[in-house]
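One structure is given below, encoded as structure tokens.
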Amino acid sequence: MARMARMVILSTYPSADASFRLRMLPVVDAFREREYEAHAYSIFTTRMFEARNRSPRFRAFVSFLLAWRLLQRIIHLVLMRRVNVLVIHREAFPFATPWLERLAMSRAEFSVLDFDDALFAEPTHGRDWRRRFRNPAKFSDVVRAADLVTVASPVLLEWASKLNPHVELALTLPPSRRQVNWSEDGPVPVVWIGSDSTVDQLLTRLEPIRDAVAHLSSEVRILSGDQTLSRVWPSNVSAARWSEAGEDALLSVPGVGVMPLTSDTWGKGKGAYKALLYLSAGWPVVMSPVGMNIWVLNASQAGRLADSEDSWREAVSLLLDNPVLCSELGDRGRKWLEMARHKYDLANIILTGVKNASR
């Protein structure tokens with residue numbers, strides 16, 4: 001009996017992480033449909049991932065488990081038997097780049113590196129526990145070693161293409177949703193959905209956004225993690241812990257999505273997932289003119305770019321005060337996103353790369 005072809009994904013975070021859930025799980029499903037033995041291995045478990053930003057006691061416990069899981073990953077890489085297809089999602093190991101990634105790739109007939117952030121740049125958002133142990137510049141060596149590189153933004157595409165001739169753009173695609181009903185009465189909220197590590201980006205433009213919602217008796221709603229909830233938020237701003245059910249409920253009603261972003265290497269490398277998420281609900285968006293934000297707005301024509309406090313205030317006010325315009329922009333963005341699903345689908349791009357390599 002012939003042995004099944006094997007596909008393995010190596011990642012740091014589990015399916016609780018939006019990037020892994022939306023980029024990697026469809027890849028697993030696609031390969032299994034083609035009768036591959038497909039597996040995904042993460043360093044963080046779901047419980048570790050969810051507890052990593054809670055109380056100091058929780059963080060200490062997660063740190064203890066993380067040390068053990070890192071040791072397990074090293075053993076796994078050393079003993080890993082040969083596979084037909086290997087996909088590394090962001091990093092095979094949080095540090096010691098590129099040695100362990102190269103070790104993993106040496107066990108694969110075809111290797112894919114997928115990343116959706118500027119991992120080659122020093123983080124500019126808060127503290128990163130890995131800074132003492134990794135050199136972001138060495139991420140270039142991982143890009144050079146892969147047979148195929150998939151990235152989530154045109155900025156990353158341009159950077160990676162200088163190191164590897166086989167680079168493809170693949171968007172981080174949220175699920176399809178029903179178009180919201182803009183005829184509903186009541187003020188429309190302004191919404192920001194993101195992680196604890198990126199909430200500082202919202203703070204850079206929170207005041208003009210608050211000014212706009214206050215003028216129209218609306219509010220700012222935030223979905224994020226535990227550290228964000230522990231902050232003291234001003235009036236007309238409410239924060240709730242992110243959950244998939246909470247996100248689905250919020251995106252099922254009208255809203256205006258916002259994505260402030262700083263103009264640095266890290267910000268320019270972001271994949272604009274927040275914007276794509278808002279577009280999936282048929283919402284208009286207001287975003288900083290940084291990196292992929294510009295690309296998404298130019299392609300979808302579904303909102304406004306704002307680069308100053310005044311322009312943020314004006315753009316948010318314009319949309320909150322005009323539900324007809326919101327409906328038109330939201331419908332335009334949602335239609336563009338559905339079209340983009342076919343062109344920028346990660347699973348199909350990887351399957352095509354494997355097929356071409358086997359010829």
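Could you pull out the residue among LEU70, LEU22 that is under 29 Å from GLU109 (Cβ atoms), of a type outside the set (D, E, K, R), out of contact with any helix residue (DSSP H, G or I) (no Cβ under 9 Å at 6 or more places or on another chain) and not in a strand (DSSP E or B)? Before you say what the answer is, go through the steps one by one.
Details: LEU22 fails: out of contact with any helix residue (DSSP H, G or I) (no Cβ under 9 Å at 6 or more places or on another chain).
Answer to the selection: LEU70.
When only residues in region 196-217 that are in contact (Cβ under 8 Å) with a residue 40 or more places away in the chain and either charged (D, E, K, R) or not in a helix (DSSP H, G or I) (or both) count, which is most open to solvent (accessible area, probe 1.4 Å)?
GLU207
Residue by residue, here is whether (1) more than 21 Å from ASP200 (Cβ to Cβ); (2) outside any helix (DSSP H, G or I); (3) over 16 Å from the mean Cα position of the chain (by Cα); (4) among the charged types (D, E, K, R) holds:
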| residue | (1), (2), (3), (4) |
| --- | --- |
| ASP248 | yes, no, yes, yes |
| VAL258 | no, yes, no, no |
| LEU261 | no, yes, no, no |
| GLY271 | no, yes, no, no |
| TYR278 | no, no, no, no |
| VAL296 | yes, no, no, no |
| ARG304 | yes, yes, yes, yes |
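What is the number of the single condition among (1) open to solvent by 10 Å² or more (accessible area, probe 1.4 Å); (2) within 24 Å of LEU169 (Cα to Cα) that SER252 does not meet?
Checking SER252 against (1) open to solvent by 10 Å² or more (accessible area, probe 1.4 Å); (2) within 24 Å of LEU169 (Cα to Cα), the one that fails is (2).
For region 292-309, how many residues meet the condition of being farther than 18 Å from ARG332 by Cβ, open to solvent by 20 Å² or more (accessible area, probe 1.4 Å) and not acidic (Asp, Glu)?
The number of residues fulfilling the criteria is 1.
Return a yes/no flag: does region 327-341 have any residue that is among the aliphatic types (A, V, I, L, M), under 17 Å from PRO260 (Cα atoms) and open to solvent by 10 Å² or more (accessible area, probe 1.4 Å).
Start the filter on region 327-341 by keeping residues that are among the aliphatic types (A, V, I, L, M), which leaves 329, 337, 339-340.
After this cut, where a residue has to be under 17 Å from PRO260 (Cα atoms) as well, the list is none.
No: region 327-341 contains no residue that is among the aliphatic types (A, V, I, L, M), under 17 Å from PRO260 (Cα atoms) and open to solvent by 10 Å² or more (accessible area, probe 1.4 Å).
How many residues are outside any helix (DSSP H, G or I), aliphatic (A, V, I, L, M) and within 17 Å of THR150 (Cβ to Cβ) when one looks only at region 73-116?
Of the residues in region 73-116, the ones outside any helix (DSSP H, G or I) are 80-98, 106-116.
Add one more test, that the residue is aliphatic (A, V, I, L, M), and what stays is 80, 83, 85-88, 92, 96, 108, 112-113.
Those left that are additionally within 17 Å of THR150 (Cβ to Cβ): 85-88, 92, 108, 112-113.
Residues flagged as outside any helix (DSSP H, G or I), aliphatic (A, V, I, L, M) and within 17 Å of THR150 (Cβ to Cβ) within region 73-116 amount to 8.
The values are calculated or read from the model by the stated rules, or taken from the named source; none is laboratory data. No experiment lies behind these values; they were computed from the predicted model shown. All Cβ positions, glycine included, derive from the backbone under ideal geometry; neighbour counts span all protein chains shown. The accessibility values were calculated without ligands, DNA or RNA, using every heavy atom of the protein model including side chains. Shrake-Rupley method; radii C 1.70, N 1.55, O 1.52, S 1.80 Å.
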